[in-house]
Amino acid sequence: MKTTLTWKDGMEFDASVEEHTVHMDAKAPIGKNTGATPKELVAMGLGGCTAMDVIALLKKYKQPPQSFNIDVEIEPSTGAHPIVFNKATITFKVEGQVEPEKLNEAVQLSQTKYCGVSAMLAKAFPIEYHVVLNGTEISSGRANFELNTKE
């Protein structure tokens with residue numbers, strides 16, 4: 001994978017991968033806040049990776065949700081620079097006629113086997129998750145990957 005960043009103006013950049021482009025900027029007063037910051041994009045990538053896993057698994061299990069949302073909350077470090085992520089909490093919010101066991105299995109597989117973004121970031125800080133089905137929390141856990149890296 002290769003990403004190309006092109007400086008636009010001030011702190012604005014366009015990042016391109018193949019035919020897709022994402023606009024980035026810094027918050028004011030350094031930037032103009034015209035796009036997501038790089039750290040915000042990391043949080044979005046974390047949510048997007050696990051969301052795609054869970055939806056794919058629910059589809060495989062024939063458990064289509066009526067609605068599906070994920071909140072990713074990041075706890076940043078304080079004090080000295082660089083400011084890094086200390087902890088992430090992912091809340092999976094599902095509505096509909098979905099079997100709780102299948103939903104829990106899908107989330108657990110994402111957070112222990114499939115989500116490459118979670119696997120990478122979990123090396124640097126803890127990632128906790130909560131599963132909410134029809135307004136009731138049905139489980140929680142922590143990303144835990146046993147990585148087999150082959151060259």
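Is it the case that residue 89 is outside the structural domain of residue 22 (by TED's automatic domain parsing), closer than 26 Å to residue 26 by Cα, of a type outside the set (Gly, Ala, Ser) and under 15 Å from the mean Cα position of the chain (by Cα)?
Yes.
State which residue pairs qualify: first residue over 15 Å from residue 131 (Cβ atoms) and inside the range 98-120, second residue aromatic (Phe, Trp, Tyr) and not in a helix (DSSP H, G or I) in any location, beta carbons under 6 Å apart, and separation of 6 or more residues or different chains.
Correct list of pairs: 119/145.
On the basis of being within 21 Å of the chain's Cα centre (by Cα), more than 17 Å from residue 117 (Cα to Cα), outside the structural domain of residue 126 (by TED's automatic domain parsing) and not small (Gly, Ala, Ser), does residue 9 make the cut?
no
Every residue in the range 1-50 that is among the hydroxyl-bearing types (Ser, Thr, Tyr) and closer than 23 Å to residue 70 by Cβ, please.
Correct list: 37, 50.
If residue 7 satisfies every condition in (1) assigned to a loop (DSSP other than H, G, I, E, B); (2) in contact with a strand residue (DSSP E or B) (Cβ under 9 Å, 6 or more places away or on another chain) but one, which is the exception?
(1)
Read through the list (1) farther than 18 Å from residue 140 by Cα; (2) of a type outside the set (Phe, Trp, Tyr); (3) modelled with pLDDT of 95 or more, then give the number of the only condition that residue 80 fails.
The failed condition is (3).
Tell me, yes or no, whether the range 24-41 has at least one residue that is within 18 Å of residue 132 (Cα to Cα) and not hydrophobic (A, V, I, L, M, F, W, C).
No.
Within the set of pairs 6+ apart or on separate chains, which have a first residue in the range 6-22 that is among the aromatic types (Phe, Trp, Tyr), a second that is modelled with pLDDT of 95 or more and in a loop (DSSP other than H, G, I, E, B), and C-beta atoms under 8 Å apart?
13/25
The values are calculated or read from the model by the stated rules, or taken from the named source; none is laboratory data. Because the structure is predicted, anything quoted here is derived from the model rather than measured. When we count neighbours, we look across all protein chains shown, and the Cβ atoms used for this are built from the backbone with ideal geometry, even at glycine.
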